[in-house]
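Chemist: Quick one: this structure, given as structure tokens, is what I'll be asking you about.
The values are calculated or read from the model by the stated rules, or taken from the named source; none is laboratory data. Because the structure is predicted, anything quoted here is derived from the model rather than measured. Note that each Cβ is placed from the backbone with ideal geometry, even for glycine, and that neighbours are counted across all protein chains shown.
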Amino acid sequence: TAIYGSFSAPKVHEVVVSRKKVLELLRPDENGKLHVVASTEVFGSIRSLCPFRLPGSNRDHVVIGSDSGRIVILSFDGTLNKFKKVHQETYGKTGCR
């Protein structure tokens with residue numbers, strides 16, 4: 001699954017890709033080739049992924065639904081070069097059912 005938005009800075013075109021347990025932030029160069037900016041391994045499998053922007057903000061957040069029955073909102077911290085958890089909420093039973 002992949003989503004696009006401005007995750008690290010305003011007006012920057014980026015792609016977030018989920019591959020089972022890995023979340024990657026990719027940025028295209030001037031030739032259009034994608035380069036990995038950050039890669040994070042997560043606990044559990046990512047089932048859904050969507051971008052989210054707060055009203056009045058100029059950066060996007062990542063909303064993740066996992067097989068553990070949780071929704072997690074992440075923001076990208078450019079100084080640490082990794083995703084930070086903003087909020088986590090349990091919405092269902094654990095495990096893929």
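Chemist: Considering only residues that are under 11 Å from the mean Cα position of the chain (by Cα) and of a type in the set (A, V, I, L, M, F, W, C), look in region 7-33 and name the one that is surrounded by the fewest Cβ atoms within 10 Å (Cβ to Cβ).
Modeler: VAL22
Chemist: Filter region 1-55 down to the residues that are small (Gly, Ala, Ser) and without any contact (Cβ under 8 Å) to a residue 24 or more places away in the chain and list them by number.
Modeler: First, pick out the residues of region 1-55 that are small (Gly, Ala, Ser): 2, 5-6, 8-9, 18, 32, 38-39, 44-45, 48.
Within region 1-55, GLY32, SER39 qualify.
Chemist: Give me the residue from region 1-28 that is more than 17 Å from LEU54 (Cα to Cα) and not in a strand (DSSP E or B) and, out of that set, modelled with the highest pLDDT.
Modeler: This residue is HIS13.
Chemist: Check off (1) over 15 Å from LYS11 (Cα atoms); (2) within 12 Å of the chain's Cα centre (by Cα); (3) among the aromatic types (Phe, Trp, Tyr) for TYR91 and give me the number that stays unchecked.
Modeler: Result: TYR91 passes all but (2).
Chemist: Quick check on my filter: what residues within region 34-81 are surrounded by 14 or more Cβ atoms within 10 Å (Cβ to Cβ), assigned to a strand (DSSP E or B), in contact with a Phe, Trp or Tyr (Cβ under 9 Å, 6 or more places away or on another chain) and not polar (S, T, N, Q)?
Modeler: The answer is VAL37, ALA38, PRO51, HIS61, VAL62, VAL63, GLY65, ARG70, ILE71, ILE73, LEU74, PHE76.
Chemist: Right, another one. Could you check region 49-68 and list, in sequence order, the residues that are at pLDDT below 90 and farther than 15 Å from HIS87 by Cβ?
Modeler: ASP67, SER68
Chemist: Considering region 88-97 alone, what residues qualify as being over 17 Å from SER18 (Cβ atoms) and surrounded by 11 or more Cβ atoms within 10 Å (Cβ to Cβ)?
Modeler: Listed by number, the residues that qualify are GLY92, THR94.
Chemist: Of all the residues that make up region 34-44, how many are closer than 13 Å to ILE64 by Cα and over 13 Å from the mean Cα position of the chain (by Cα)?
Modeler: Result for region 34-44: 2.
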